[in-house]
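The values are calculated or read from the model by the stated rules, or taken from the named source; none is laboratory data. Keep in mind that this is a model prediction, so the values were computed, not measured. Because the Cβ atoms are built from the backbone with ideal geometry, glycine has one as well, and the counts that use them run over all protein chains shown. To get the accessible areas, we keep the full protein, side chains included, count just its heavy atoms, and leave off ligands, DNA and RNA. Shrake-Rupley method; radii C 1.70, N 1.55, O 1.52, S 1.80 Å.
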Amino acid sequence: MSEDKRKVIIIGSGPAGYTAAIYTARAQLAPLVFAGPEPGGQLTMTTEIENFPGFAEGIDGQKLMNEMRQQAERFDAQVEYKTVSKVDFSSRPFRVFVEDEEFRSDAVIISSGASAKMLGLPGEKALVGRGVSTCATCDGFFFQGQELLMVGGGDSAMEEAIFLTKFASKVTIVHRRDELRASKIMQERAFKNEKIEFIWDSVIEKIHDPEAGKVTGATLRNLKTDERTEVSCGGIFVAIGHKPNTDIFKGQIELDENGYIKTFEKTQTSVPGVFAAGDCVDHVYRQAITAAGMGCQAAIDTERYLEELAHQG
Ligand code: NAP
């Protein structure tokens, strides 16, 4: 066991985690935050954020998350760049493990977020970092002058396709239906961009060429006609939604059929004293501002829970 018992441990460092850290730190609960495998969360992989209130000109995702971390640290939140590998919520104090290191706390706030989904095609995983990517901001720069495919019809696919046109000679959006899910404003921006083309009602059936160790093209299949088309490209970007990062909580707290954490009384999970906020709970709104709002709620719920616990002695 590495340390004395804490009042609260926060698992995850996106907008939900850092907001929970700011509030619990200001309530003098000295939170310990485990930043996880992607410190700062998904916003660190995005470009300009235009819809987070308070930034009239927009703000870079990495910058926003750095500001949130510094704000939490200003009030003495302790941020550790470690990934929680196991939890035990079966008895109190709760136990949180980072490999062999054990940490204990009276309350836990889970804000572990969600991760990008992949297509699940043969060779796809092996080609991540070699032409297949789920992060245009991270990898776009490597595709100067190349033709790219973008899979997905949501806001992420539009935003990332537009970003990729800074580098690519052409970006073709492959969408499985003939209508986009993206908001009107993002659709219009994508339609207006001369470097963006669309292939409708289609999916990628095969990625070429895992044997060559790089992306050279793809076989597309039209879902309405079953017609197959070969296209050549230097990279394939995938923006088809997310999966909650909740595997380590299976069997410890209740999850829904898609793996999202179920909350009952406000932000409380099925275990009193364990709270959850952000994209690991919310599959409807999934915005930075809603995650931050839930992080605040979880912090206040935690504070009240700990007060109650103290009264019980
Ligand atoms: P999303 O809205 O769930 O869209 C996912 C897209 O991927 C859908 O078009 C879906 O097709 C497609 N898809 C899903 N599984 C697929 C598969 N196996 N093969 C091929 N296509 C597949 O996800 P998102 O775009 O990541 O957006 C998530 C949330 O963040 C949304 O609320 C969005 O508004 C928000 N967001 C906002 C902004 C912004 O405002 N600038 C930017 C990014 C994200 P169907 O349409 O057929 O289901």
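Take the conditions (1) closer than 21 Å to Arg286 by Cα; (2) in a strand (DSSP E or B); (3) among the polar types (S, T, N, Q); Ser156 misses just one of them, which is (2). Selection of region 219-237 for residues being assigned to a strand (DSSP E or B) and either among the aliphatic types (A, V, I, L, M) or touching a helix residue (DSSP H, G or I) at 6+ places or on another chain (Cβ under 6 Å) (or both) yields Leu220, Val231, Gly235, Ile236, Phe237.
With the structure loaded, tell me whether Lys166 is basic (Lys, Arg), touching a helix residue (DSSP H, G or I) at 6+ places or on another chain (Cβ under 9 Å), outside the structural domain of Val284 (by TED's automatic domain parsing) and more than 10 Å from the ligand (Cβ to nearest atom) or whether it fails that test. So Lys166 fits the description; yes. The set of residues in region 207-217 that are buried (at least 17 other Cβ atoms within 10 Å of the Cβ) and modelled with pLDDT of 95 or more comprises Ile207, His208, Val215, Gly217. Assess whether Thr44 counts as being within 16 Å of the ligand (Cβ to nearest atom) and of a type in the set (Ser, Thr, Tyr). So Thr44 passes the test. Annotation note: Cβ proximity below 7 Å between a residue of region 135-147 that is under 17 Å from Lys117 (Cα atoms) and a residue that is charged (D, E, K, R) and open to solvent by less than 60 Å² (accessible area, probe 1.4 Å) (sequence gap 6+ or interchain) occurs for Ala136/Glu160. Between Ser13, Ser115, Ser85, the distinction of being touching a Lys or Arg at 6+ places or on another chain (Cβ under 6 Å) and either modelled with pLDDT under 95 or not aromatic (Phe, Trp, Tyr) (or both) belongs to Ser115 only. Exactly one residue among Val203, Val171 is part of a strand (DSSP E or B), in contact with a Leu (Cβ under 6 Å, 6 or more places away or on another chain) and either more than 10 Å from the ligand (Cβ to nearest atom) or open to solvent by 30 Å² or more (accessible area, probe 1.4 Å) (or both), and that residue is Val171.
Yes or no, residue by residue, for (1) more than 16 Å from the ligand (Cβ to nearest atom); (2) of a type in the set (Ser, Thr, Tyr); (3) more than 21 Å from Gly293 (Cα to Cα):
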| site | (1), (2), (3) |
| --- | --- |
| Pro31 | yes, no, no |
| Glu50 | no, no, no |
| Arg69 | yes, no, no |
| Arg92 | yes, no, yes |
| Gly113 | no, no, no |
| Met118 | no, no, yes |
| Gly129 | yes, no, yes |
| Phe142 | yes, no, yes |
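Reported count of residues in region 248-282, each being under 30 Å from Ala161 (Cβ atoms) and either in contact with a His (Cβ under 8 Å, 6 or more places away or on another chain) or surrounded by fewer than 16 Cβ atoms within 10 Å (Cβ to Cβ) (or both), is 3. Restricting the search to region 118-145, which residues are within 17 Å of the chain's Cα centre (by Cα), of a type in the set (A, V, I, L, M, F, W, C) and not in a loop (DSSP other than H, G, I, E, B)? Of everything in region 118-145, those that are within 17 Å of the chain's Cα centre (by Cα), of a type in the set (A, V, I, L, M, F, W, C) and not in a loop (DSSP other than H, G, I, E, B) turn out to be Ala136, Cys138. When Ala20, Ala27 are checked against the criterion of being within 21 Å of Phe249 (Cβ to Cβ) and of a type outside the set (Asp, Glu), a single residue qualifies: Ala20.
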